[in-house]
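Nothing in this text is a laboratory measurement; each read-out follows from the coordinates by a stated rule. In this text the structure is predicted, and so the values were computed from the model without any measurement. Positions of Cβ are backbone-derived with ideal geometry, glycine not excepted, and every protein chain shown enters the neighbour counts.
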């Protein structure tokens, strides 16, 4: 049968509940009760409001349905079954090894935009998709985001609420499933729906309170949502967790487990059904294009002094002019990261996210859902604020470029709160990531251009202060490469970014003493060029100094050791080991023991000893 | 002179402005304009409302003054000068190497509770201090928190607003310095004060709009704040950035730099002054104590199967009963982390923070300010949400214990969003941290007890599933140690947590083939026991397999390589290298290549080859 009346919708909702019970029973785990609370909300949505071509998930006119409460995956997969997108057999493969129907949704499923399951991320990402719809694609698709009430405690949800209102995202509808119960008990606000509507309205949203099991009321609410202009709408729905099965309905202790008596539950829900929903077709339309041009990267004169963060800004403008898919985002520090150049030259494709780094990264993730190439920038230290979003973006198979400025103690007087000293560790341990750390403006520009062609999450670490330009503007820096910038056969010194220049100064000093140092620029921290490193240590009797403006853990030093695992070395690792304070950049490099003097001293010690472990 | 009238307060405010200009001019950098906007707010506060004994910063009755907008450090240091706590000479050492008056405040200064400078953290930490005042210390001290308007875009601020209202923190006053201008331009809401008060009131705060340069109005607002009960108060103050110096007042492009013409500015502000403020003495009172007892850690039978997360919960209760300073916090997953045992047994010292991991960590930081020993728990994966707070807590010299459950692919069906695969990298690269990863319930209990005695930030990684108890309840596990759990001379296998048990199974299989494997339990990932590792590889001809349920970067493998840097090894590193999905724990361990079969295969390959790099 198909859905032709609201009465049919009620039956569909029961089917979604039954299928949620069935698949979680087959799996022996999962979240049926969190699915059952939102079944009516989804039944009305897919029957009358969602516009989606399941045969063509990349149709740019498709609506987007994001389950911010990703643990309600049984409901989502039951929706897919109801639309005919998955078979009943596949539905019952839920949570089995090899099934794309995992415990929480991921884009292994073609109709899933992004992975959810870490709560509080779906709505911020939905804001990114909705921004793309309004300002980039310029298509009338809508973004529907099902949110749980527990996750409304996450500040990231309110960053999203704030930005959605600010940007007037009337193409976004948040569906709040207020079922009162979290994992371990009642939420902060229980069924006090007004506590949510009051907040939402204070931020500028339209908010509609409904009984989330009254399909007529839900229908009217969606109707109001799609006809509201100038601001986003939230449907604040009072629901019962486990609705329809008395043994679990509105009960504590029923979160995240298969039902004890599924057969009785299915009978209570009226048994299995095979309703098929014909989801409405999306409108026809072509996404806006900004046009492409020739790539004319900035060119810096060898011997001049230019900050790599400035080269990032210059290169980003060049890239944006060459590639209409490139967009830039920043967290209210564009005059420090130099994304302000892009904002001035290409304002249509620039997004100011204010000081909200979770929303910054989430917006980038949302935009790349629609095929845009986001470059998001802030101080590298402040990406620690969004680490969960970056981690989840890897599960989302997201492609985005992140630029972190103000790396390390070399920023100087501002002190440790502004110094990124763990960013390399953080980004190296992101699945499939690329981690770049240029030492020179021409190199930085080339690497920025490369980032626009990489799959996955890439990160570039830039330096606050000016550094000498040592490479010509036509040199190439492939990802996974390293550069021998000085030949030598007594000791290898590996640096990157600011420390490469210290290494070169150390090599000069050592040369005066008759010590021949080989200097390697490890601009690609991940992947790392093991062959060049091996050749270098072989050429220098196994003597190796690695120097980095980063804590000792997880950065350049450990990347090098992993690449050379098992090699016999005389090894010195210079890194930041004590908490830095304020001071001049040179003073802080010296205090941390990562300046030229410290490098030369370490190299001298290795050369004067025999190679030994 | 001293402050005896509101007219004197006006003069004091001008002094604070002049001194902010003077010290940032001496430094050649800093944020004078962001200091000048809040000078009147601080002048009234310290003259009439703050109760603080600068000679006794650890007096438990002292109020707490937290600059959430840490970049206004010139104002804070000028306040210290006005109170006589620092000399004018020291004030002028601002931002110099070795001065405790750093670019952003840190607890190197005895009157600073916590480091700020990463925006959006001061208010959540202030909530933690205020919670300690209400529920732990039970003293009437107040917490005053100066916030910027730019940082109100951070979701963490709204986690704090939400929790403060929920907890009825009428001992907390947020002072919002709405100076309209962020770093690169206007904030989202400019001078629309109502946009802030509307939000604050929707959350349940009292909110008072004032002209932030009208000392009478400020005085009335503070009076109202201290007399408001049952809820926190925000003073929403309209201010001018750079107030009092026309060249910079309310101008864009004047953020974060010393003034161009400081002499003219000082003249315009009425010249230097030397007003000395007598800050009111705090009340007398003794903090509440919960009493201590004998430590009776849980004891598990060797050979039984117990999850280390359960041992965490059991041990935490024992610790809480033994040590009245121990408090527990959780992010709405206490029935998974097993902090629910503490919640049930010691509810007075248990704090439910709901799904707000930033506020969870911030509350712990705030409580340790007052000498409590917080243990905060959530899924290890979700601590990524609070990485910036952990990073800053290290700068704050905070002592707290964090417990992350559900490590790695071994959690099974829930899928990658719930799997911590980067937590070891994240916590290893926190300055001064201790990272523990027990494999067994008795070991976990002992390590939890140890964490209560450690300085700094400690992290324990626990496992979801049951694992065999292999250690007796009286064995000791010092931090920085490792355990040889099986002797052998052909190959060393290093595991931790779940992989230790896989390593033991592999060793059994290898023994059947005549290969003698030494198995090392690396329960202390940081600091790491380099001596035991060196002895092991020397005893096994340099053959080493490291196996971990974590991405390859930054975890156990790299910790071991760093400890053995330069040793010639035949090395195999088994880690999670492909994105996992759902499946049974054993299936996922096998799919990742970190189960007993994979370990045995890797060991066989090393044994059958000659040792070589």
For the residues A:170, A:260, what sequence is obtained by ranking on other C-beta atoms within 10 Å, fewest first?
-> A:260, A:170
Within 10 Å of the Cβ of an average residue in B:576-586, the count of other chain Cβ atoms is 5
Which shape class applies to the range A:459-514: rounded if a/c is under 1.5, otherwise prolate when a/b exceeds b/c and oblate if not, where a ≥ b ≥ c are the square roots of the Cα gyration tensor eigenvalues?
-> prolate
Under the Debye formula (equal points on every Cα, no solvent term), log10 I(q)/I(0) of chain B at q = 0.06, 0.10 Å⁻¹ | -0.37, -0.86
Any idea what the residue A:487 label distances to the other copies are, label 7 Å down the Cα→Cβ vector, nm, shortest first?
-> 5.4
The distance between the Cα centres of the range B:389-449 and the range B:247-308, in whole Å, is 26
With R₀ set to 25 angstrom, the calculated FRET efficiency between the beta-carbons of residue A:475 and residue A:597, to the nearest 0.05, is 0.30
Closest to the B-onto-A rotation axis, which residue of chain B has its Cβ, and how many Å off the axis is it?
-> B:155, 1
Taking the range A:541-590 on its own, what percent of its Cα-Cα pair distances exceed 15 Å?
-> 50
Using only C-alpha positions, report the orientation-averaged shadow area of the convex hull of the range B:217-292, nm², one decimal.
-> 10.1
Pairing the Cα long axis of helix A:530-539 with the longest principal axis of chain A, what angle in degrees results, from 0 to 90 and rounded to the nearest 10?
-> 20
Taking the protein assembly as shown, the whole-percent share of alpha-carbon pairs separated by over 46 angstrom is 33
Given label points at 7 Å from Cα along Cα→Cβ, what nm distances, shortest first, separate residue B:344 from the same residue in every other copy?
-> 6.4
The range B:498-613: Cα Rg divided by the 2.2 N^0.38 Å rule of thumb | 1.02
Mind ranking B:9-19, B:580-590 by how tightly packed they are, going by the mean number of other C-beta atoms within 10 angstrom, highest first?
-> B:9-19, B:580-590
With the range B:28-145 reduced to its Cα atoms and the Debye formula applied, log10 I(q)/I(0) at q = 0.11, 0.21 1/Å amounts to -0.34, -1.30
Antiparallel DSSP beta bridges within the protein assembly as shown, as percent of all bridges there, nearest 5 = 10
Cα-based Rg/(2.2 N^0.38 Å) for the range A:305-357, rounded to two decimals, is 1.06
Distance histogram in 5 Å bins (all Cα pairs of the range B:388-437, percent per bin) = 5, 19, 27, 20, 15, 10, 4, 1
A chain fully extended from residue B:264 to residue B:138 at 0.36 nm per residue, minus the present Cα-Cα distance, gains in nm 40.4 nm
Nearest 0.05, what FRET efficiency do residue A:455 and residue A:516 give at R0 = 41 Å with Cβ-Cβ as r?
-> 0.50
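Give the average, rounded to an integer, of partner chain Cβ atoms located within 10 angstrom of each Cβ in B:198-206.
4
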How far is helix B:215-227 tilted, in degrees, relative to the longest principal axis of the Cα atoms in chain B, given as a value from 0 to 90 rounded to the nearest 10?
-> 50
Rounded to the nearest 0.05, what FRET efficiency do residue B:489 and residue B:108 have when you use their Cβ-Cβ distance and R0 = 41 Å?
-> 0.20
The range B:182-333: Rg/Rh from Cα coordinates, Kirkwood Rh?
-> 1.20
Stokes-Einstein at 10 °C, 1.306 mPa s, Kirkwood radius from Cα pairs: D for the range B:141-231 in µm² s⁻¹?
-> 116
Sort shortest first the distances from residue A:539 to its counterpart in every other copy, using label points 7 Å along the Cα-to-beta-carbon line, and give them in nm.
-> 4.1
Cα centroid distance between the range B:571-602 and the range A:1-67, in Å?
-> 35
Where labels lie 7 Å past Cα in the beta-carbon direction, separation of residue B:186 and residue A:295 in nm | 3.8
Report, in deg cm²/dmol and to the nearest 500, the calculated mean residue ellipticity at 222 nm for the protein assembly as shown, where each DSSP H run with n ≥ 4 adds -39500 (n - 2.57) and the sum is divided by the residue count.
-> -10500 deg cm²/dmol
Largest to smallest principal axis extent of the C-alpha atoms in the range B:327-465, angstrom = 41, 34, 29
When a footprinting reagent is the concern and you count Cβ atoms within 10 Å, what order do A:157, A:36 take, fewest first?
-> A:157, A:36
Helix B:498-512: angle to the longest alpha-carbon principal axis of chain B, degrees 0 to 90, nearest 10?
-> 20
Summarise the partner chain shielding of B:358-366 as one whole number: the mean count of Cβ atoms from other chains within 10 Å of each residue's Cβ.
-> 1
Residue B:305-residue B:345 pseudo-label distance in nm [points 7 Å out on the Cα-to-Cβ vector] = 2.5
Neighbour-count order for A:411, B:470, fewest beta carbons within 10 angstrom listed first | B:470, A:411
What is the distance, in nm, between label points placed 7 Å from the Cα along the Cα-to-Cβ direction at residue B:194 and at residue B:54?
-> 4.2
